[in-house]
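Enquirer: First the structure, which I've put down as structure tokens, then a few questions once you've had a look.
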Amino acid sequence: MSWQIIQQSLPMFQKGFILTLQMSALGILGAIILGLMCSLCQYFKIPVLKQIVGAYIELSRNTPLLIQLFFIYYGLPGIGLKLSAYTCGIIGLIFLGGSYMAEGFSGGFDGIPNSQIESGKAIGLSQGQLTRYVVFPQGFALSIPALAANIIFLIKETSIFTVIAIPELTNTALDLIGLYYHTNEYLLVLVVGYAIILIPLSIILTWLERRIRYGTFGD
Amino acid sequence: MTELLRVEHLNKAYGEVPVLQDISFTVNTGEVQVVLGPSGSGKSTLIRCLNGLEPYQSGTIYFQGQKVDPTPKNWQLLRQKIGMVFQSYDLFPNLNIMDNITLGPIKVQKQSKATAQKEALRLLDTVGLADYTAKFPRELSGGQKQRIAIVRALALHPDFMLFDEVTASLDPEMVRGVLEIMANLAKQKMTMIVVTHEMNFAQQIADNVLFLDDGHILESTPGKDFFTNPQTDRAKEFLQSMDF
Amino acid sequence: MAHSGINLIFEGQNLPRLLGGLWITIRVALIAIIAGGVLGIFLGVLRTFKNRFLRFILRLYLEFFRIVPTVVLLFLFYYILPKSMNLNLPAAEVATLVFTLWMAAEASDIVRGALISVPQHQVDSGLAIGLNRSQLYYYVLIPQSLKLMLPAMMNLISRIIKTTSLLLLISVLDVINVGQQIIEANQKQYPQGAFWVYGVIFVLYFLICYPFSLLAKKLQKD
């Protein structure tokens, strides 16, 4: 293990680190928006859209990101749709993450006790008011732990971007290993890189789960 | 009368909060001790201490004259001699009635399956549930489950029985059947410690009443006197509040 | 002409080769799920014990496998096992080892969660009839928690199967690797080969994983 090798590699890892963060952020944001829209389609049982969303969720959840990426990056140009690796990565992450986020939101909405909905109706709230004042605030709070777990999951999935040669963290490490063979050093930096992003998130997640379980709307 | 159980200076606290303070009493063979007191007075905790489900900080329990060494291993052995029935019955939902009853005799006491099942049937018959062996707990009413729970405890042929508010979560019409079984046990001179809120029943079976308040034993009075002539004002108030 | 591309799949030995690759993928997943599942139940039971040191170590093990992305885990084992332990395993076996340890880590958390959610009353009444600790686990806690852990286990199994797509990265001749070879060998004749081959692999993964997710949903409802 050589400290010097590690130091020399740091600027490159830094680039990969930033790219991982950047793509994660974009992908997660997109996934949350897509997921929320999907879960709303399901919650309000919008005809046709509800079925489409259901099919999308099953397709996305039951296939690996790697093959989704291959299909988008290598397969789609065959039918005339050519996208950059970067765009494919983001699209892939949104396609995968959207379904996980949708299920996270739906879990939250379903977790609201029926008595809450009934009490809302009993004091004369309209469907819109019920959604605005009862379903949304409670549903979001309940879905937060699932969303946080999904965020961690999606950040880890960005490591798969290496297969379409996006120079994020994992790809940087593999490239460096291929060039200089300092396996131990580069793998160490790689693990530390992910740990820096994921350990704080995982601690926040544990804290959130406890808070949601024992507080927030406890009576 | 021979002494079966003696508790001396038992103290228990949850963290800083004392729940039982300086508890001492004796139970003789064949005797029914009823533990009464307002909720939160420590009744359930006390009888849970008596079969080692709750650890205690100090004090000594003597069982059949022997000092109980409160290690988990030792308690596990002793529990075969101490039957306990809980408020929420707690039959094992994954086992049918016969298996619920024979689990202890077969696995703990290493009885043969045939012996254990024969005894289980005999006991089930005494509580009127001999036809229920193949059913699962979820198919039974609360009162039936509680009768099975009593049988499950009796199947180990314990030297004495602990009853922790066993009728508290039953519908009123179910209560009588369960109390009758307990009254029968008392008649057969089973040694019992009973925590209950059923005052009429308590008066009917109690040889002695322990009145607990705020973790202390305020009174230990023979059953025939406690209900008509309690010694302390707290006990009087308690009996009045129970509409007795 | 996209429709002609599908002929690539049925040409010569291509389909049997793809399915052969799929079998390698499935074999890794299957061994990992069974071995990791058994190990996971064992570790999950240990994690409900009071021993703090044991719990800390097992928690550390779990968190390591949770935090480090699976791609990175694969490379860690792939590069480090031969180097520092002098253990030269074929890539597929390295992968099986990684997936087994990962399965065990995640399964241990599911098992622990299910075990501690069996009501305390059940523990009490098991103890009250004199059961010892192993009898308590065997007759009362594990049977009762099975129902609670099954949906999560199904989801975990489906995750393991999906993640076997990463075998490609350490050059295991899995279904995707075979697919790549087919695409490359027929690049001239079938320029849109990638669309169809990856499309078929996409569908194959879906067909394997979908039943598990259906099962998980059904079990959750019961």
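The values are calculated or read from the model by the stated rules, or taken from the named source; none is laboratory data. Remember, it's a predicted structure, so these values are computed and weren't measured experimentally. In this analysis, Cβ positions are derived from the backbone assuming ideal geometry, glycine residues included, and neighbour counts consider all displayed protein chains. Keep in mind that these areas ignore ligands, DNA and RNA; they rest on the heavy atoms of the full protein, side chains included. Shrake-Rupley method; radii C 1.70, N 1.55, O 1.52, S 1.80 Å.
Enquirer: Going through B:Asn28, B:Asn51, B:Asn96 one at a time, which residue ends up being touching a Phe, Trp or Tyr at 6+ places or on another chain (Cβ under 6 Å) and either basic (Lys, Arg) or touching a residue at least 12 places away in the same chain (Cβ under 8 Å) (or both)?
Expert: Only one candidate qualifies: B:Asn96.
Enquirer: Only one residue in A:Tyr194, A:Tyr181, A:Tyr133 is away from every other protein chain (no Cβ under 11 Å) and of a type outside the set (A, V, I, L, M, F, W, C). Which one?
Expert: None of the other options fit; the residue is A:Tyr133.
Enquirer: Only one of (1) at negative phi; (2) open to solvent by 30 Å² or more (accessible area, probe 1.4 Å); (3) more than 15 Å from the chain's Cα centre (by Cα) is not met by A:Gly124, so which one is it?
Expert: Failing condition for A:Gly124: (1).
Enquirer: Give me the pairs: first residue in the stretch C:117-144 and of a type in the set (Gly, Ala, Ser) and open to solvent by 40 Å² or more (accessible area, probe 1.4 Å), second residue at pLDDT 90 or above and assigned to a helix (DSSP H, G or I), beta-carbon distance under 8 Å, and six or more apart or on different chains, which are they?
Expert: Once the first residue is of a type in the set (Gly, Ala, Ser) and open to solvent by 40 Å² or more (accessible area, probe 1.4 Å) and sits in the stretch C:117-144, its partners that are at pLDDT 90 or above and assigned to a helix (DSSP H, G or I) give C:Ser117/C:Ser145.
Enquirer: I would also like to ask the following. Which of (1) open to solvent by less than 60 Å² (accessible area, probe 1.4 Å); (2) assigned to a strand (DSSP E or B); (3) not aliphatic (A, V, I, L, M) does B:Asp22 not meet, given it meets every other one?
Expert: Result: B:Asp22 passes all but (1).
Enquirer: So which residues in the stretch C:190-205 are open to solvent by 30 Å² or more (accessible area, probe 1.4 Å), facing chain A (nearest Cβ under 7 Å) and under 22 Å from the mean Cα position of the chain (by Cα), if there are any at all?
Expert: C:Phe202
Enquirer: Name the pairs whose Cβ atoms lie under 9 Å apart, with the first residue in the stretch A:156-173 and modelled with pLDDT under 95, the second open to solvent by 20 Å² or more (accessible area, probe 1.4 Å) and in a loop (DSSP other than H, G, I, E, B), and 6 or more positions between them or separate chains?
Expert: The qualifying pairs are A:Phe161/A:Pro167; A:Asn171/A:Ala165.
Enquirer: Turning to a different aspect of this structure: Answer with yes or no whether A:Ile57 is away from chain C (no Cβ under 13 Å) and aliphatic (A, V, I, L, M).
Expert: no
Enquirer: Also, quick follow-up: Scan the stretch A:83-103 and tell me whether some residue there is facing chain C (nearest Cβ under 8 Å) and free of Cβ contacts under 8 Å to residues at least 40 places away in the same chain.
Expert: No.
Enquirer: Give the residues of the stretch C:150-160 that are touching a helix residue (DSSP H, G or I) at 6+ places or on another chain (Cβ under 6 Å), open to solvent by 20 Å² or more (accessible area, probe 1.4 Å) and under 13 Å from C:Ile26 (Cα atoms), sorted by residue number.
Expert: Once the filter is applied, which keeps residues that are touching a helix residue (DSSP H, G or I) at 6+ places or on another chain (Cβ under 6 Å), open to solvent by 20 Å² or more (accessible area, probe 1.4 Å) and under 13 Å from C:Ile26 (Cα atoms), the stretch C:150-160 yields only C:Ile157.
Enquirer: I need the full set of residues from the stretch B:207-225 which are open to solvent by less than 10 Å² (accessible area, probe 1.4 Å) and either in contact (Cβ under 8 Å) with a residue 40 or more places away in the chain or of a type in the set (Val, Ile, Thr) (or both), in order please.
Expert: Passing the criteria: B:Val209, B:Leu210, B:Phe211, B:Leu212, B:Gly215, B:Thr221, B:Gly223.
Enquirer: Could you please find all residues in the stretch C:164-188 being within 12 Å of another protein chain (Cβ to nearest Cβ), outside any loop (DSSP other than H, G, I, E, B) and crowded, with 22+ Cβ neighbours inside 10 Å?
Expert: Those that are within 12 Å of another protein chain (Cβ to nearest Cβ), outside any loop (DSSP other than H, G, I, E, B) and crowded, with 22+ Cβ neighbours inside 10 Å: C:Thr164, C:Ser165, C:Leu166, C:Leu167, C:Leu168, C:Leu169, C:Val175, C:Ile176, C:Gly179, C:Ile183.
Enquirer: Residues B:Leu154, B:Leu170: which one is modelled with pLDDT under 90, open to solvent by less than 30 Å² (accessible area, probe 1.4 Å) and out of contact with any His (no Cβ under 9 Å at 6 or more places or on another chain)?
Expert: B:Leu170
Enquirer: Checking B:Tyr62 against (1) among the hydroxyl-bearing types (Ser, Thr, Tyr); (2) crowded, with 17+ Cβ neighbours inside 10 Å; (3) under 23 Å from B:Leu156 (Cβ atoms), which test does it fail?
Expert: (2)
Enquirer: A further question on this structure: Suppose we filter C:Phe75, C:Phe53, C:Phe49 for residues that are assigned to a helix (DSSP H, G or I), more than 14 Å from chain A (Cβ to nearest Cβ) and either in contact (Cβ under 8 Å) with a residue 60 or more places away in the chain or open to solvent by 40 Å² or more (accessible area, probe 1.4 Å) (or both); which single one remains?
Expert: Of C:Phe75, C:Phe53, C:Phe49, the one residue that is assigned to a helix (DSSP H, G or I), more than 14 Å from chain A (Cβ to nearest Cβ) and either in contact (Cβ under 8 Å) with a residue 60 or more places away in the chain or open to solvent by 40 Å² or more (accessible area, probe 1.4 Å) (or both) is C:Phe53.
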